[in-house]
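Comments concern the structure below.
The values are calculated or read from the model by the stated rules, or taken from the named source; none is laboratory data. The structure presented is a predicted model; accordingly, all values stated were derived computationally and were not measured. Because the Cβ atoms are built from the backbone with ideal geometry, glycine has one as well, and the counts that use them run over all protein chains shown. The area values use the complete protein model at the heavy-atom level, side chains included, leaving out ligands, DNA and RNA. Shrake-Rupley method; radii C 1.70, N 1.55, O 1.52, S 1.80 Å.
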Amino acid sequence: MNKQIPPETLSWFIQAGKLLFSRGLVSSHSGNLSQRQQDKLYITRTGSSLPLLAETDLILTGIDYDDQFTPLASSELPVHRAIYRRTSAKAIVHAHPPYAAALSLLEAEIIPDCGEGLYCMGAIPVIGFGERVHPGGMAEEAARALENRKVIVVAGHGSFATGETIEEALKYTFALEEMCQVTYLARQLKRAC
Ligand SMILES: [Zn+2]
């Protein structure tokens, strides 16, 4: 089923999985990645381990239609599909950055305390704030929020970032978490002063 994965695509999936895990932005079996391939998408297999991705962990299935491979795809497939339908994104990274997830339990919109020099991304919308969002849920809401920004957070869960490439979506994922970590630390320090 995965006979013709372009080597560069496979390489980016593998590198991204390792990077996300090494920075603590996914655990051994959380998070997922995808890349648009015309009217299809490559997406990580359900139950796959991002730091240990192999060729058989990439599933190619339709954006607008199901096929025999659809059941093998990540449970977040509905969100990835909705984002590709609604935006021009070519790649998506879904991670579980802990500082972003923690702040998303407290606020409907994460307003960063950005110092000068920090890569500041402005306010980040929290999808499903105050609700319990199951995997694959709030797909249309997440996709709508990504029409005019590169990264959003699903409440108490994790981030969805888009880009022209997986590398670009990774960049926004790391920037989000850096921003949320600094915001969290700044608030702690303010309380202590
Ligand atoms: Zn998740």
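Is it the case, given these coordinates, that Ser159 is closer than 14 Å to Gly31 by Cα, within 16 Å of the ligand (Cβ to nearest atom) and of a type in the set (Ser, Thr, Tyr)?
When the stated conditions are applied, Ser159 passes them.
Check Thr87 against each of (1) within 16 Å of the ligand (Cβ to nearest atom); (2) open to solvent by 20 Å² or more (accessible area, probe 1.4 Å); (3) at pLDDT 95 or above; (4) not small (Gly, Ala, Ser) and name the one condition it does not meet.
All conditions pass for Thr87, except number (1).
Which number in (1) buried (at least 18 other Cβ atoms within 10 Å of the Cβ); (2) more than 15 Å from Ile152 (Cα to Cα); (3) within 12 Å of the ligand (Cβ to nearest atom) marks the one condition that Thr61 misses?
(3)
Can you tell me how many residues within segment 22-50 are closer than 15 Å to Leu10 by Cβ and not in a strand (DSSP E or B)?
Summing the residues that are closer than 15 Å to Leu10 by Cβ and not in a strand (DSSP E or B) in segment 22-50 gives 2.
I need every pair where a residue in segment 18-37 that is more than 19 Å from Leu77 (Cα to Cα) and among the basic types (Lys, Arg) has its Cβ under 7 Å from the Cβ of a residue that is within 16 Å of the ligand (Cβ to nearest atom) and open to solvent by less than 60 Å² (accessible area, probe 1.4 Å), sequence separation at least 6 or different chains.
Note: pairs meeting the criteria are Lys18/Pro51.
Test Ala102 against the criterion of being surrounded by fewer than 24 Cβ atoms within 10 Å (Cβ to Cβ), under 14 Å from the mean Cα position of the chain (by Cα), aliphatic (A, V, I, L, M) and within 16 Å of the ligand (Cβ to nearest atom), and give yes or no.
It is false that Ala102 is surrounded by fewer than 24 Cβ atoms within 10 Å (Cβ to Cβ), under 14 Å from the mean Cα position of the chain (by Cα), aliphatic (A, V, I, L, M) and within 16 Å of the ligand (Cβ to nearest atom).
Could you check Thr56 against (1) in contact with a Leu (Cβ under 6 Å, 6 or more places away or on another chain); (2) open to solvent by 50 Å² or more (accessible area, probe 1.4 Å); (3) among the β-branched types (Val, Ile, Thr) and say which number it fails?
Of the numbered conditions (1) in contact with a Leu (Cβ under 6 Å, 6 or more places away or on another chain); (2) open to solvent by 50 Å² or more (accessible area, probe 1.4 Å); (3) among the β-branched types (Val, Ile, Thr), the odd one out for Thr56 is (1).
Among the listed residues Glu141, Glu178, identify the single one that is part of a helix (DSSP H, G or I) and more than 16 Å from the ligand (Cβ to nearest atom).
Glu178
Provide a single number: the residues in segment 135-155 that are open to solvent by 10 Å² or more (accessible area, probe 1.4 Å), out of contact with any helix residue (DSSP H, G or I) (no Cβ under 6 Å at 6 or more places or on another chain) and within 17 Å of Pro97 (Cβ to Cβ).
Residues flagged as open to solvent by 10 Å² or more (accessible area, probe 1.4 Å), out of contact with any helix residue (DSSP H, G or I) (no Cβ under 6 Å at 6 or more places or on another chain) and within 17 Å of Pro97 (Cβ to Cβ) within segment 135-155 amount to 3.
How many of the residues in segment 15-35 are away from the ligand (no atom under 12 Å from the Cβ) and open to solvent by less than 60 Å² (accessible area, probe 1.4 Å)?
6
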